[in-house]
Structures are given as structure tokens and as C-alpha cells.
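These notes are about the structure you will find just below.
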Amino acid sequence: MSEVPGDGSVQTSLHIDPYERNWMRLTVVLLVVFATAVTIAGFALGFQVPSPEERVDPNTVAIGDGPFGEPGLRAYPDGSYDLYVVAQMFSFAPNEVTISAGSEVTFYVTSVDVQHGFKIQNTNVNMQIVPGQVSKLTMTFDEPGTYDFICTEYCGSAHAQMYGTLTVEK
Amino acid sequence: MLTTPTYELTKSEKSFISQHLLFAFIALAIGSLFGPLQAFEFSGVDFYPLLEPVIQSYYQGLTLHGVLNALIFTTFFITGFLTLTTIYGLKRPLKYPLLNRIGFWTMVVGLLMAAVPILLNEASVLYTFYPPLQANVFFYFGLTLVVVGSWIEGYGFIFTWREWRKENPGVRTPLMTFGGLITMVMWQLATLGIAVEILTMLIPWALGLIDGADPQLARTYFWFTGHPLVYFWLLPAYVSWYAMLPKQAGGKLFSDSLARIAFWLFLLLSVPLGFHHQFVDPGVPAGWKYIHAILTYAVFFPSMITAFTVIASLERAGRKRGGKGWLGWIPKLPWNDPSVSAQLLAGILFFFGGIGGITNASYNINLVIHNTAWVSGHFHLTVASASALSFMGISYWLVPYLRGRRLWSRKWAQIQTWLWFVGMLIFSNAMHVLGLLGAPRRTPLGEAPYVPDEWSGHLLRTSIGGAILFVSAYMFVFNIARTWWSKKLLAGPDEEVEIPVAESVHPAQETPAKLDWWTPWLIGTVALILVAYGPQLIEQIGNIDLSSPGFRP
Ligand code: HEM
Ligand SMILES: [Cu+2]
Ligand SMILES: [Cu+2]
């Protein structure tokens, strides 16, 4: 498909209607606005998406002496937490977690079998859980209440039953 | 001026295209049974137990729905329709008709090969087949053959075009053929992702030749193809919107040049964006996700050109038909032609789909809706409306043309297009709202324990929309079936069905020659793919870890 088109061209300059030209300009402006908004939200305000954290062996990660060998909360003196979660068909371990309001929690989630999802309702925590990888996001919980964390990726017949709860106490 | 010889498709060309459509419509008929069942399940009306032992679970049904509607119906319809736009546009027969036949039958064999394990509940892995969920190996063989068959048909179009080019140096490729060629060339490049995924990882793994898969790398391969797949669905609808619909509406194409620029930009920008489906993946660096997010915004540009050019063409048509004032041209369009109304309504639904699409593409905002019902709501506006409803509209002239029979009922066809529109507005709005409230997709929400009362009204609306869509889908299938085997042959020249070919306001021959020149665009396309994907592919393949054994759902 490399032939340079030969003769037969009546005219070679591009004709663009003035309205359409303005429309295209407007489109470019809109795009720049969107891109700027996303960039500011991502890099200045810190609304980030997951990024590679660690590779693990899905067959052994939950039986070794690593943090996923004993999943659960780790509390730190400054009031923040790390929460290690193991996802498997069709449950999360742990599936009930309690923290105190105002604390910052960093979630580390991995899977020992198939892909799962990890979405905490009414928050921006939403991650794909992929065997062999550790998904990580950090979130501060100011509002007391009960937050369900649910599996959002099809993982087999009882996928709809797979969830846990995070309780934020006053 | 150039003379335009007329070309009448031969009987065997018509029947070859018809065979494509037959498989497409059967896939749509079966696939569309399950969508409504899913939607009913959401409000607690679960028909699946009644279907045992034929269909054993919600997920076997969902696999059938996704594979038959989104992969089979589309691919067979598209290859058939683009066969027509190739030969009718170029006014010459296929260069190697046998090659295209081989391509077609390869797709059929692939379809049957994949269908058996799906029907035996041996491949309930959904149409994305993410490992470590594992299907019977014939599912993967079958899908491979469908893709390879579509490649072969694409080569057939390219050889035909090259031959035409030799015979017609310096003539602009007719727009309908041009759009079809871009679609197929894009598809060749795009499907390299799943080809590599299936051939180097999933088949050896399903056969037990390797112990494990690398699920993260598999996702990266999959979405290399998965995003441009949506353009494979959409571009053939654009071919109709640009190169046919203006004529059906009684007008001309507003700008041939901009139509071509839009198609080139879709070729350039379809592939290097796939990470926007992986914003929440753990194994892809945030920086690359960000780059793909920005590139995704760039595709907004040819989409906006398309919106402008198509609407401007329709406006001219409406004004020519006596429309006055700002919006007075809209009611003057030939809404009573079901082929036109289907495509106009598809375009309106697509407008909402586009707005939602910008949200999805927006990097961190994606976290709000990822893997929720919002996403399903979104792609029923795009693939299940912009594409599927347009394809239905095309069928309303194409089937009578190919079969030489009168459309069984125009009235039904009109009602059908509006029912799809109304049903889809209700269905997709409810799904979008559910997604914002946190409802996951791919989940039988009727049985999920965490569903709050707050969702129930929207779940009910999903079911109502689904019921309306079901009626619409079957009115289409019934109308087409009655037409297909009708005894009422088209009688005489005044009943003749014409293939709509839109002229452009400025004749195509005035379009700059460089807009008909492939080399620079192909180089640019490949270069952009290398830049956007190369480093991550090298890194992810370099760190491949085949340690995930398979799980049969
Ligand atoms: C007949 C009307 C239809 C109805 C009522 C309907 C309904 C649904 C529902 C409720 C879901 C979500 C299921 C879930 O996430 O658990 C779904 C998924 C889907 N639908 Fe439809 N649908 C229809 C037609 C179509 C058409 C025409 C197409 C494409 C051409 C299509 C493509 C898809 C795809 C690709 C999925 C995703 C499957 C997956 O997540 O694996 N649908 N549909
Ligand atoms: Cu799960
Ligand atoms: Cu995409």
C-alpha cells in the first residue's frame, strides 16, 4: 500500500469550512482543559492510581512468613495503619476490620488464585487484584461508619458473595 | 469529470455477503436472550434455574451474551458489510474471491469450535477470558480461528484495492471503501495483542505444556487489542454515517477531506491507549497509565470531527427538505425510514456514551466507576447502540437488497428502532447510576448480600429497560427472518433497493491526494504504538512470571 498517488488530483490544498475550523479549535481547548484538570488532580492533589509495588508467588505468598502469611491490620504509633488482605475464591482474609476515625490506612491486597477486585464502597479505593502482584492504595477515613469492601471482578460461581466490612469507629 | 460506471453485485457475491449476515443475526438472536435475563435477575426475577440443564449458570449465560453479541455478531456483520463496501465502492469484484471464502469459513469453523465448550459450560470465563480462569483449550483455538479468518478477509480487501489502484491511478479511493480498509488494517495491528496472548501463553497453558500463566502480562496483551476492538465495532458504523446516511437523508456529505482525516486519526490513535482499561492494575506504572490517558483524550478529536461532519451533513439534508430555523431541520429528516431513524437514534445514544467515555478515560476519576455497572451502562450506549443499532438500520436496506425481497414490515422496523432507543435510555441510565452508587458489574446483583435498599429502584429500572430492549431485539430478528425467507420478491425497477452512496459537497477528487496515501500514516501508527507500548512490553515480558496455575470456573 505504498503507492504515492499519481495525477488526477484537481486540487491539493485542504478545504476546511470556517465553522468546522472553529469547532476543531474548541475541541482542542476542551482537551487541554481536561488534561490539565486530570494532571492537577493526579500530581498536585495526589489522587493517584495503583502502581507496581511488589511481585509475589501466588502459590506461596499466604503460607510464608511474609506479611500476607498473617493478613490483617498493623497499627503504627502515629495512628496510621497498614492492612494486608488476601483475596481468594470467595472471601477476603480478614473480612472484618475495625479502625478509628481520622486514621490513614494503606491497603496491600493480593490474590492466591484468580483475579479479584477490591472496591471500598463510597471511597476512591478501587483496585484490580492480580495473582503475582500486590495492589496498594492509601486512604484516610474521617467519617465513622461501616464500609463494605466488595469483590468487583468475576472470580467464579460465588463471586457475588465475596465481600467484607471495614468499620470506622468514632 | 470522471465517469462512474455502475456495478451490480453478482448473485454469488450477494449470497457470500448474506452468509456473513446469517451467522451475525443468529448470534444476535441467541446472545440477546441472555442480556434481558441478566437484567431481570437484578430485580430478583431469576430465570436461570429454569434453563438448567441447558444453561447452568448466570455466568455461562453472560459468557454467551458477551461472546455472541460483542464478538461474533459484530465480526460477521462487519466483514460482510465491508465486503460490500469494498466491491461496490471500487466497482470491481474481489481480486481473490476464494481467499475471502477461505477467510469466512475459517471464522465459521472457529465459531463452532468455541461454541461447543461454551455450551458445555467448559468455558464460562466471559468474553475477556482473563487467566487464571481457564477454559477448555478449544475455546482458545476457536477464538484464534475467528480472528485469523477476519485477517484473511481483510487481506482479500487489501489485494482487491491494490488491483483497483493499478487500474485507477490518481483516483481517490471511494470513501466507503477507504473507511473499510482503515478498519481492517487497524484490526490487523490491533489483534496482535490477543494473538500473542493466546498463542504464547493461554494455549500452551491450557494444554499443560507450561505450568502457569502471567495474569498481569495477559491483561496487558488483552487490552492492547481490547481498546481498538471498540473501534473495530465503531468504524463500520462511521462508514455508514459518513458515506451512506447523508444520501439516505436526502443530502450530501459535508466534507470528504475531514472524513478521511478522521479515519486516519482513528488508525493512528486506536491502538496506543490500552492502559486506560488498566488504570487500577497493580502491575502497570502510574506514569504509563497517565500517558495513555492523555493519548485517549486525543481520540476525542476525530470523534468531534465526526460529530460535526455528520451533523452538518444531516443539517444540509434537513434544510433542503424545507427545515427552517435553528433546529427546524431535525424533524424534516426522513424519520419514517427505519434505516435512517435507527442510525439517528444510535447517534444520539452515542453522544451520551461519549460523555461517559471521557469520564472513564480520566485517569484517577476512573477509580470511581472501574468495574462497576457504570461501565456496562457505558458500552451498551456504544457497542450495543452506536454499533448494533446502526447495524440494524443498515440491515433494513441491506437484507432486502441482498435477498431481493421486500422488508417484511416497515412499521415494525420503525417501532423497533424507537423501542431500542427508549429501552436503552432507561437501562443505561439505571446502570450508570448503580455504578456511581458502587454496584459491581459481572455480578448477579439479585443474590449479592451487600446490596442496599437504595439500589432497588435502579435495579428495577434496569429490568424494565432490559424488557423493552428484549422486545426490540426480537422484533428486529423476526422482521429480518420474515424478510429473509419472504415470498414477496422485489417487483420491477420501482421497488429496486439502491445502495446509498453519499456524494460529497466538494467532489472527492478535490480532496488532497496526500489524504489517500498510506505510507506516512502507517509509519506513524507503528511508531506511536512502539513509543506507547514498547517500553512496558519489554519490561513486562522481561519480568514474565509464569506461576499461576489455571482454575476452571
Ligand atoms: C437485548 C438487549 C440487551 C440487554 C437487556 C443487555 C443487558 C446486559 C446486562 C444486564 C449486562 C451486565 C451483566 C453483568 O455485568 O453482570 C450485559 C453485559 C454485556 N452486554 Fe448486553 N444487553 C443487551 C444487548 C447487548 C448487545 C446488542 C451487545 C453488543 C453488541 C451487548 C454487549 C454486552 C457486553 C460486551 C457485556 C459484558 C459482558 C461481560 O461483562 O463479560 N449487549 N448486557
Ligand atoms: Cu472475587
Ligand atoms: Cu478503551
Q | Radius of gyration and Dmax over the Cα atoms of the stretch B:444-553, both given in Å | A | 27.3, 67
**Q.** Total formal charge among the other residues, if their Cβ is under 13 angstrom from that of A:PRO71, Lys/Arg +1 and Asp/Glu -1
**A.** -3
Q | Principal axis box of the stretch B:390-516, alpha-carbon based, largest edge first, Å | A | 62, 49, 20
**Q.** Given charges at beta-carbon only (K, R positive; D, E negative), |dipole| of the protein assembly as shown in Debye
**A.** 3360
Q. Which of the lysines could a cross-linker bridge to B:LYS324, judged by Cα under 25 Å and excluding same-chain residues fewer than eight apart?
A. B:LYS247, B:LYS252, B:LYS332
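Note down the relative contact order for chain B as a percent, whole number, built from C-alpha pairs under 8 angstrom at least six residues apart.
19
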Q) Residues with beta-carbon under 11 Å from that of B:LYS487, excluding B:LYS487: net charge, scoring Lys, Arg +1 and Asp, Glu -1? A) +4
Q.
Among B:SER255, B:PRO204, B:SER240, whose Cα projects farthest towards the positive end of the dipole of the stretch B:163-263, with charges put on the beta-carbon of Lys, Arg (+1) and Asp, Glu (-1)?
A. B:SER255
Q. In µm²/s, what is D for the stretch B:1-143 at 25 °C and 0.890 mPa s, where D = kT/(6 pi eta Rh) by Stokes-Einstein and Rh is the Kirkwood radius from Cα pairs?
A. 145
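Would you mind giving the mean number of other chain beta-carbons within 10 Å of the Cβ of each residue in A:158-164, as a whole number?
Across the residues of A:158-164, the mean count of other-chain Cβ atoms within 10 Å is 5.
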Q: Could you tell me the convex hull volume per residue, in Å³, taken over the Cα atoms of the stretch B:72-213?
A: 102
Q. Tilt of helix A:18-39 relative to the longest C-alpha principal axis of chain A, in degrees (0 to 90, nearest 10)?
A. 20
**Q.** With at most 11 neighbouring Cβ atoms within 10 Å, loop GluC sites (Glu not before Pro) (DSSP) excluded, longest segment of chain B
**A.** B:9-495
Q. Past the 24 Å Cα-Cα mark, which pairs from B:LYS11/B:LYS95; B:LYS91/B:LYS320; B:LYS11/B:LYS488; B:LYS14/B:LYS320?
A. B:LYS91/B:LYS320; B:LYS14/B:LYS320
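How big is the Kirkwood radius of the stretch B:261-301, worked out from every pair of different alpha carbons and given in Å to one decimal?
In the stretch B:261-301 this quantity evaluates to 10.6 Å.
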Q. Any idea which of B:PHE25, A:SER157, B:ILE480 is furthest toward the positive side of the dipole for the protein assembly as shown, if Lys and Arg beta-carbons carry +1 and Asp and Glu beta-carbons -1?
A. B:ILE480
(Q) In 10 Å bins starting at zero, report the fraction of Cα pairs in the protein assembly as shown per bin as a rounded %. (A) 3, 14, 25, 27, 18, 9, 3, 1, 0
Q: Would you tell me the mean number of C-beta atoms belonging to other protein chains that fall within 10 Å of each C-beta in A:15-25, as a whole number?
A: 4
Q: Net charge near B:GLY66: determine it from the other residues with C-beta under 15 Å of the C-beta of B:GLY66, scoring Lys and Arg +1 and Asp and Glu -1.
A: +1
Q: Calculate the translational D of the stretch B:213-364 in whole µm² s⁻¹ from Stokes-Einstein, where the hydrodynamic radius comes from the Kirkwood formula applied to all Cα pairs, the temperature is 10 °C and the viscosity 1.306 mPa s.
A: 94
(Q) Compute the distance from the alpha-carbon center of the stretch A:72-100 to that of the stretch B:174-210, in whole Å. (A) 41
**Q.** the stretch A:51-169: C-alpha gyration tensor shape, a/c 1.5 cut-off, then a/b vs b/c
**A.** oblate
Q | Listed peptides B:481-488, A:120-127 by packing density, highest first (mean Cβ within 10 Å) | A | A:120-127, B:481-488
**Q.** Evaluated at q = 0.09, 0.10, 0.11 Å⁻¹: base-10 log I(q)/I(0), Debye formula over Cα of the stretch B:11-542
**A.** -0.63, -0.80, -0.99
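In debye to the nearest 20, how big a dipole does the stretch A:51-169 give about its Cα centre with +1 on each Lys and Arg Cβ and -1 on each Asp and Glu Cβ?
For this selection, approximately 260 debye.
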Q | Partner chain coverage, peptide B:289-299 - average Cβ within 10 angstrom | A | 3
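A short reminder: the numbers here are calculations on the coordinates, not readings from a lab. Keep in mind that what you see is a predicted model, and the values were worked out from it rather than measured. With ideal geometry, Cβ positions are generated from the backbone for all residues, glycine too; neighbour counts draw on all protein chains shown.
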